[in-house]
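The values are calculated or read from the model by the stated rules, or taken from the named source; none is laboratory data. What you see is a predicted model; the values in this text were computed from it and never measured. Cβ: placed from backbone, ideal geometry, glycine included. Neighbour counts: every protein chain shown.
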Amino acid sequence: MTGSSVGGFPILSLMLLVPLVGAVASLKANREQARLIALVATLIDFALGVVLWASYDIGGAQWQFTEHAAVFTGFEWKLGIDGIALVLIALTVFLMPICIGASWNSIEKRAGEYYAAFLLMETLMIGVFTAQDLFLFYIMFEAGLIPMYLIIGIWGGADRIYASYKFFLYTLLGSVLMLIAMFWMVNEAGTSDIPTLMTHHFPVGAQNLLFLAFFASFAVKMPMWPVHTWLPDAHVQAPTAGSVILAGVLLKMGGYGFIRFSLPMFPEASAHFAPLVWGLSMAAVVITSLIALVQHDIKKLIAYSSVAHMAIVTIGLFAFNQQGLEGSMIVMLSHGLVAGALFLAVGVIYDRLHTREIDRYGGLAINMPYYAVFFLLFTMASIGLPGTSGFVGEFLSLLGIYQESSWVALVCTTGIILGAAYMLYLYRRVVFGAQKNADAAAMPDLDAREWAMMVPLAAVVLWMGIYPESFLAPMRKDIAVVEQRIDAAKPKGDANVKIAAVTPVAAEAGEAK
Amino acid sequence: MSSSILIIVFLPLLAAIVAGLGNKTLGFVPSKLVTTGALFISCALSWPIFLSFLSGDAHEVVVPVLHWVKSGNLDFAWALRVDALTAVMLVVVTSVSALVHLYSWGYMSEEPDQPRFFAYLSLFTFAMLMLVTADNLVQMFFGWEGVGLASYLLIGFWFRKPSANAAAMKAFVVNRVGDLGFMLGIFGVFLVFGTVSIPAILHNAPAVLNGSTIGFLGYRFHTATVLCILLFIGAMGKSAQLGLHTWLPDAMEGPTPVSALIHAATMVTAGVFMVCRLSPLFETSPTALGFVTFIGAATCFFAATVGTTQTDIKRVIAYSTCSQLGYMFFAAGVGAYGAAMFHLFTHAFFKALLFLGAGSVIHAMHHEQDMRYYGGLRKKIPVTFWAMTAGTLAITGVGIVDVAGFAGFYSKDAILEAAYARGTELSHFAFFMGIFAALLTSFYSWRLVFLTFFGKPRWEQSEHIQHAVHDAHGHDDHGHDHANDHAHHGHDDHAHSDGTAGYHPHESPVVMLIPLIVLSIGAVLAGFVFNHAFISEGTGEFWKGALVFNEHLIHAAHHVPTWVKWAPFGVMTTGLAIALYAYIVNPRFPAAFVEQFAFLYRFLLNKWYFDELYEVVFVKPALWLGRVFWRVGDIGIIDRFGPNGAAWVVKQGSRAAVKLQTGYLNSYALVMLVGLVGAISWVIAR
């Protein structure tokens, strides 16, 4: 066992176990018991997450809290995290209690099974970020979708079947290709150990195929344009908490996959296919933002905005430099919080009026002033206002890609204009304006439960915006590892600054005052 | 100085949080006291800093606050920088803000949402102070966006009004177009310099950028030109320069104190501040400076032409602001940064004065903003009249060469002389544009005064006045909001032959008059008192390198031909004479003129059709494209041939598959698991 750990205690296994036990316990429980079990389980996991973060040794060993147990030949129970995984686990355990809170009153039928599904999903999501064995990762990665199918398919809206079917079909295609690629890799490298694979050099020719196979899976999960169409339907049909966790954590699996597998394992192929990723990301930013502009359904609008934000993630990842990579990680964290919070905000009014039609609302600033404040904060964070979490990630990612290509940077930066347009247009129609519908005008402001969900999210959004160092520090070294791995292969930037005169001053230009 | 700057900047933030969160629980008076008090303290602390720079005692200080972002070799922190340039902005921002806070006690006294209003005002002030104290480009961008947020919230303060919401959104989105340039500019600066620290960039700019080229969008340009023009696009958005100006007139939907603070004195001058702050960088690119000169000159001309036809008192002043910002930019463009800052300084006082004066008129006229329904107010609201007159004397630049004059006389003439003295083609273009705009400025400013305060009352046609009269007589049973409702035509049954409709305007309360008087003093004296510090030869001492101070240009500007020195005076009196003739001597003249030049009039009245153009070129196509990408792209193509197509194939395939997509989710899950187990078994067995 290497790296720091909590007195040799298998904390990662415990974090997987707690929700699993909760899931089993709540399966047959009644509604009141089940939601209490779920809340307690997720809060315990959150507490464990805090312990995990606190005992993580920044700048220490690359892989910490490692656990290892050979289950049977060729398959190992092997866990361990680096800083990248740490922050994503923190995001997961932070959002889960909020999801349980969001479901508190709105889930009535088959509540025991509902909470069981959620808790199972938490186990599997944490499993994805902790797995150090390729197949363990695969199982967690794919199985994590099963509870999501169930949540959409059973507790979703009117068109839930179509939505979950679409979700299934898309992800299935990608998974199959990725699995085949994994088999080949394990054969070639002789190990399924992820840290080893991250330093293994695959033949350049094979890399391209492997990259594409993984890309098929990650691009769908991300989702990247044009394989994004499952997301709006899934979001629209999912119950509030389902949307929160989908936007908050599940969409991050694609990005995690890129930074954990595609970039370090296939650096040459990543560089080779970078223009493809750039092209799709540019298309996503412009196209899905424009689509978001004409939506009438609040959730669909935010879902399309998610696609645009995720494109900023891929742009940052394929900028091949520290700023881009760190930026995309911060975008992932920030989007997890902000999109989650926005779906939560939609849920608040959906619970009251049972419609997602934008036009049915209006003038909420009058009868729900505190709600309006939170919604404004999250809207601004989504737009990327400096001082909120949204800005830091977006800024770093775009700054990163600018060093590679000014065209890509220009096109993707238009997202700040379009993002402002669709989000403010939404805000204007829902929160501002006159009260035109009596039922919407009669909605009460946030209750205590809703305050308890909104305040932590708002606090972290501001924290990440004003002092992102807390989040950047744990992953700095691990990002640097990835960066070094891809540095040799990275394409040359288009700026190619030429300095005419021989100037000793240029050398000290980097030195900040 | 380091502790006082912390208080100056963060006290308004604290006040905004207290007033904003406390809101109605806290009550009206406490929230107003907290915010206004905070601003007066900030103001009181700012003047000593400014005066110590003026006396030459102070040196630049950077006060670190908190680390912000470190990523690779990118590293920047929250820090407050104070130098001469910041000191000028500090007094402008805190003084006008404090006075506007005070003024709002009176102006907003009937408003049920006062704590929110004052919280926004203080929040704005905080963001603006962060902008002017920025030590790196990213913090400047923070302030930049922060003031944008506050502006958005304040323009949309009356959020029940659709027009206010539309204007707020437009302001934010149009500004974001500029921000696109600003952001790319920051990226480029980091790429070239490896830092976003302003002093480091400025220090290295001449050496690094000299003869340097950069690839941008597939072409190669001079590095300095690319960087400066990108950054300047940001400035164009914030400072409402031609092309990105369309939000500013609409921003007049906000309450008038907001217009005075944000859309006249402070926020809109942020672009000018930025160019001056980065002046050593801009100096490395004559092309970029030429662009700045051209945009500034074109804006000052364009906005002045439009200003002559508007009838809404606030819109006239808004276009006037736009035009004056153009002056500041071409001053910077020709290299007279000191003059640009000086005009920014004087303009802050007299333009805030004009707006607050207009607010006082609007207050007296029961929310009526259309000057066609004013007239004869001179005797009714004498303090406002004199304040507005002082403002008008200042903006039109009344003064005698080599003797003395009002504020605008010093700053505007300095700009025009510098433009002439610079001696390039573009600077001469700017000079003539500036002279012509000065003529128009004089005309529309006096037109405003004459229409408002002179002649006979024309109040009876105003719906607002009619409502007021109804209210006063207890006839009003509509129970509607006067500010928001144009729909009701309560026709007047009190026929008054004097055009007053029986309405009696009252002078504003004393809390509104104090700011007017203070600003009037500023408008009269600011130029006379401070011109030596800002623009005389040898005042590099004052700036201490905070901006590029071109001694040669100042020297040349002082020795321009006599006709150049007298030209502003000539056009100013001409404009006054035309206004006097058209609106006092022969009031039928404007109508006749409009009839004669109907096309020109419509062109100007419709603001050169910019809004219509943008609607056709940007807004409509964006929505159309959005619908096409959605309905045709996503649904028609991707879904049809993707998942739905797959479903169709499967449907044709077998009955089993038909069952599969009838939606038993458990069976999907089962399939999935079975597949997984199979796969794993295969691995193990192999």
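Quick one: count up the residues across segment A:467-496 that are assigned to a helix (DSSP H, G or I) and either touching a helix residue (DSSP H, G or I) at 6+ places or on another chain (Cβ under 9 Å) or of a type in the set (G, A, S) (or both).
So the answer is 17.
Kindly provide the set of residues from segment B:99-128 that are small (G, A, S) and crowded, with 24+ Cβ neighbours inside 10 Å, ordered by number.
B:S104, B:A119, B:S122, B:A127
In segment A:305-337, how many residues are of a type in the set (V, I, T) and surrounded by fewer than 24 Cβ atoms within 10 Å (Cβ to Cβ)?
0
Being over 29 Å from B:L6 (Cβ atoms), more than 7 Å from chain A (Cβ to nearest Cβ) and in a strand (DSSP E or B), is that true of even one residue in segment B:201-219?
Within segment B:201-219, one or more residues are over 29 Å from B:L6 (Cβ atoms), more than 7 Å from chain A (Cβ to nearest Cβ) and in a strand (DSSP E or B).
Would you mention how many residues in segment B:578-609 are loosely packed, with under 13 Cβ neighbours inside 10 Å and in a loop (DSSP other than H, G, I, E, B)?
3
Of all residues in segment A:425-439 being buried (at least 24 other Cβ atoms within 10 Å of the Cβ) and within 9 Å of chain B (Cβ to nearest Cβ), which is farthest from B:W158 (Cα to Cα)?
A:Y427
What do you reckon, is A:M453 aliphatic (A, V, I, L, M), buried (at least 20 other Cβ atoms within 10 Å of the Cβ) and touching a Gly at 6+ places or on another chain (Cβ under 6 Å)?
Yes; evaluated as a whole, the condition is true for this residue.
Starting from residues that are within 28 Å of A:A319 (Cα to Cα) and under 21 Å from the mean Cα position of the chain (by Cα), keep the ones in segment A:290-301 and report whichever is surrounded by the fewest Cβ atoms within 10 Å (Cβ to Cβ).
A:L301
Across segment A:150-159, what is the total count of residues that are at the interface with chain B (Cβ under 9 Å from one of its Cβ atoms) and buried (at least 23 other Cβ atoms within 10 Å of the Cβ)?
3
Would you pick out the residues in segment B:189-200 that are part of a helix (DSSP H, G or I) and at the interface with another protein chain (Cβ under 7 Å from one of its Cβ atoms)?
B:F190, B:L191, B:V192, B:F193, B:P199, B:A200
Cβ contacts < 7 Å: first residue at the interface with chain B (Cβ under 9 Å from one of its Cβ atoms), restricted to segment A:454-470; second residue β-branched (V, I, T) and surrounded by 15 or more Cβ atoms within 10 Å (Cβ to Cβ), any location; separation 6+ or different chain. Result?
Partner pairs satisfying both residue conditions: A:P468/A:I330; A:P468/A:V392; A:P468/B:V69.
Which residues, counting only those in segment B:518-577, are touching a Pro at 6+ places or on another chain (Cβ under 9 Å) and either part of a helix (DSSP H, G or I) or among the hydrophobic types (A, V, I, L, M, F, W, C) (or both)?
Once the filter is applied, which keeps residues that are touching a Pro at 6+ places or on another chain (Cβ under 9 Å) and either part of a helix (DSSP H, G or I) or among the hydrophobic types (A, V, I, L, M, F, W, C) (or both), segment B:518-577 yields B:L547, B:V548.
Yes/no matrix, rows are residues, columns are (1) within 27 Å of B:Q310 (Cα to Cα); (2) among the polar types (S, T, N, Q); (3) modelled with pLDDT of 55 or more:
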site: B:L448; (1), (2), (3): yes, no, yes
site: B:T452; (1), (2), (3): yes, yes, yes
site: B:R458; (1), (2), (3): yes, no, yes
site: B:H486; (1), (2), (3): yes, no, no
site: B:G499; (1), (2), (3): yes, no, yes
site: B:Y503; (1), (2), (3): yes, no, yes
site: B:M512; (1), (2), (3): yes, no, yes
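Hey, which of the helices (runs of 4 or more DSSP H) in segment A:193-239, taking only ones fully inside, have at least 2 residues that are farther than 15 Å from A:L263 by Cα, in contact (Cβ under 8 Å) with a residue 40 or more places away in the chain and not charged (D, E, K, R)?
A:230-237
Is there any pair linking a residue in segment B:409-432 that is at pLDDT below 95 to one that is surrounded by fewer than 24 Cβ atoms within 10 Å (Cβ to Cβ) and part of a loop (DSSP other than H, G, I, E, B), with Cβ under 8 Å and at least six apart or on different chains, and which?
Close Cβ pairs (under 8 Å, with a partner that is surrounded by fewer than 24 Cβ atoms within 10 Å (Cβ to Cβ) and part of a loop (DSSP other than H, G, I, E, B)) amount to B:F409/B:V398; B:D413/B:V401; B:E417/B:V560; B:Y420/B:V560; B:A421/B:H559; B:A421/B:V560.
Only residues in segment B:639-651 that are closer than 14 Å to A:Y162 by Cα count as the first member; pair them with residues that are of a type in the set (S, T, Y) and modelled with pLDDT under 70, Cβ under 6 angstrom, at least 6 apart or cross-chain, and list the lot.
none
Looking only at segment B:393-452, filter to residues that are polar (S, T, N, Q) and under 30 Å from B:V361 (Cβ atoms); which one of those is surrounded by the fewest Cβ atoms within 10 Å (Cβ to Cβ)?
B:T452
Condition first: of a type in the set (D, E), more than 14 Å from chain A (Cβ to nearest Cβ), surrounded by fewer than 19 Cβ atoms within 10 Å (Cβ to Cβ) and not in a helix (DSSP H, G or I). Can you find one or more residues in segment B:57-75 that meet it?
Yes, segment B:57-75 contains a residue that is of a type in the set (D, E), more than 14 Å from chain A (Cβ to nearest Cβ), surrounded by fewer than 19 Cβ atoms within 10 Å (Cβ to Cβ) and not in a helix (DSSP H, G or I).
With the checklist (1) at pLDDT 90 or above; (2) in contact with a strand residue (DSSP E or B) (Cβ under 7 Å, 6 or more places away or on another chain) in hand, flag the one item A:A69 doesn't pass.
All conditions are met except number (1).
Please go through segment A:21-30 and pick out each residue that is surrounded by 18 or more Cβ atoms within 10 Å (Cβ to Cβ) and in contact with an Asp or Glu (Cβ under 9 Å, 6 or more places away or on another chain).
A:G22, A:A23, A:S26
Hey, does segment A:354-362 have a residue that's touching a residue at least 12 places away in the same chain (Cβ under 8 Å), surrounded by 20 or more Cβ atoms within 10 Å (Cβ to Cβ) and within 13 Å of chain B (Cβ to nearest Cβ)?
Scanning segment A:354-362 turns up at least one residue that is touching a residue at least 12 places away in the same chain (Cβ under 8 Å), surrounded by 20 or more Cβ atoms within 10 Å (Cβ to Cβ) and within 13 Å of chain B (Cβ to nearest Cβ).
So is A:I287 surrounded by 24 or more Cβ atoms within 10 Å (Cβ to Cβ), of a type in the set (V, I, T) and more than 10 Å from chain B (Cβ to nearest Cβ) or not?
no
Which one is farthest from the other protein chains (Cβ to nearest Cβ) among residues in segment A:369-401 that are touching a residue at least 12 places away in the same chain (Cβ under 8 Å) and more than 23 Å from the chain's Cα centre (by Cα)?
Among residues in segment A:369-401 that are touching a residue at least 12 places away in the same chain (Cβ under 8 Å) and more than 23 Å from the chain's Cα centre (by Cα), the one farthest from the other protein chains (Cβ to nearest Cβ) is A:Y371.
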